[in-house]
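Asks: There's a structure below that I have some questions on.
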Amino acid sequence: MPTAVLMLSGLGLLWGCGTTGPSFQVRDDPWRTPEERACLASGVVRQTAFVRARSALGGPSVCGAVEPFEMSAADNGRVAFNPPAALRCPMIPQLDRWVKEVVEPAARYQFRQELVSIKVLASYSCRPMNNVEGAMISEHAYANAVDIGGFTLADGTTISVQRGWNGSRAEQDFLRVVHDGSCAYFTTVLGPNYNSLHSNHFHLDLAHHGRDGLMHICK
């Protein structure tokens, strides 16, 4: 069956504010709602002080999630997200595991410091990919993506993706371990080596790629 594509315009952007944005193409992805409902039914995501249900995300009906959440920290509150990220159910356990199993160990190894916070540049946003007029709808529009701009350690040191990618040896090693390690947890990982639009962040999402939906894109 051919993929259904719909053009929409005049859309509200992040958090449903009144700003209008460029038009985009919407794909009919049959996996999205069943995958999210299965995650919700599994009980893998529970409300805590750091993961709270949201009633709505804003934007037109093609954007958003079945039951969105706001995630303010990972690893039982040890690592804050600044600001909190608006996400669909499947993203939350992956982000939590990624922080605990990739980012925190890398920070301890490279800097002998605990990780205390992660800079979130974007999560939910009802917009086309890269904010390009007429492009395909972004995974951000489904709360299925997060852009990570930097990391803060216990001593106050901040490792910026933009500055650190070609920064000190420790910063470069840390960011490359985090980038490469992300590929085991997310189906799409894009960083500074991908293009100039990603020079200041890591884009992480759980989009389905390929015929079986299992292909990973890691650039």
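The values are calculated or read from the model by the stated rules, or taken from the named source; none is laboratory data. Here the structure is a predicted model, which is why all the values come from computation and not from measurement. Every residue, glycine among them, receives a Cβ derived from its backbone with ideal geometry; neighbour counts consider all protein chains shown.
Asks: Restricting to the range 130-163, name every residue that is touching a residue at least 12 places away in the same chain (Cβ under 8 Å), surrounded by fewer than 20 Cβ atoms within 10 Å (Cβ to Cβ) and of a type outside the set (Ser, Thr, Tyr).
Replies: Within the range 130-163, Asn130, Asn131, Val132, Glu133, Gly134, Ala135, Met136, Gly149, Leu153, Ala154, Asp155, Gln162 qualify.
Asks: Inside the range 178-197, can you point out the residues that are crowded, with 20+ Cβ neighbours inside 10 Å, out of contact with any His (no Cβ under 8 Å at 6 or more places or on another chain) and under 12 Å from Val161 (Cα atoms)?
Replies: Matches in the range 178-197: Val178, His179.
Asks: Something else about it: Filtering the range 197-212 down to residues that are in a loop (DSSP other than H, G, I, E, B) and in contact with a Ser or Thr (Cβ under 8 Å, 6 or more places away or on another chain), which residue is farthest from Leu175 (Cα to Cα)?
Replies: Among those that are in a loop (DSSP other than H, G, I, E, B) and in contact with a Ser or Thr (Cβ under 8 Å, 6 or more places away or on another chain), it is His208.
Asks: Return the total of residues in the range 137-193 being aliphatic (A, V, I, L, M), under 22 Å from Ser125 (Cα atoms) and part of a strand (DSSP E or B).
Replies: 6
Asks: Restricted to the range 83-107, and to residues that are more than 17 Å from Val189 (Cα to Cα) and out of contact with any Leu (no Cβ under 8 Å at 6 or more places or on another chain), which residue is surrounded by the most Cβ atoms within 10 Å (Cβ to Cβ)?
Replies: Looking at the filtered set, the residue picked out is Arg88.
Asks: Name the single residue that is farthest from Asn76 (Cα to Cα) among those in the range 96-128 being within 13 Å of the chain's Cα centre (by Cα) and free of Cβ contacts under 8 Å to residues at least 60 places away in the same chain.
Replies: By that ranking, first place goes to Ser123.
Asks: What number of residues in the range 108-128 are buried (at least 17 other Cβ atoms within 10 Å of the Cβ) and either assigned to a helix (DSSP H, G or I) or hydroxyl-bearing (Ser, Thr, Tyr) (or both)?
Replies: Final tally of qualifying residues: 6.
Asks: For the list (1) free of Cβ contacts under 8 Å to residues at least 24 places away in the same chain; (2) within 21 Å of Glu70 (Cα to Cα), I need the number of the one condition that Arg211 fails.
Replies: (2)
Asks: Would you confirm whether any residue within the range 110-130 is within 24 Å of Gly213 (Cα to Cα) and of a type in the set (Phe, Trp, Tyr)?
Replies: So far as the range 110-130 goes, yes, one or more of its residues are within 24 Å of Gly213 (Cα to Cα) and of a type in the set (Phe, Trp, Tyr).
Asks: Please enumerate the residues belonging to the range 180-197 that are at pLDDT 95 or above and either under 18 Å from Asn144 (Cα atoms) or of a type in the set (Gly, Ala, Ser) (or both).
Replies: Of everything in the range 180-197, those that are at pLDDT 95 or above and either under 18 Å from Asn144 (Cα atoms) or of a type in the set (Gly, Ala, Ser) (or both) turn out to be Gly181, Ser182, Cys183, Ala184, Tyr185, Phe186, Thr187, Thr188, Val189, Leu190, Gly191.
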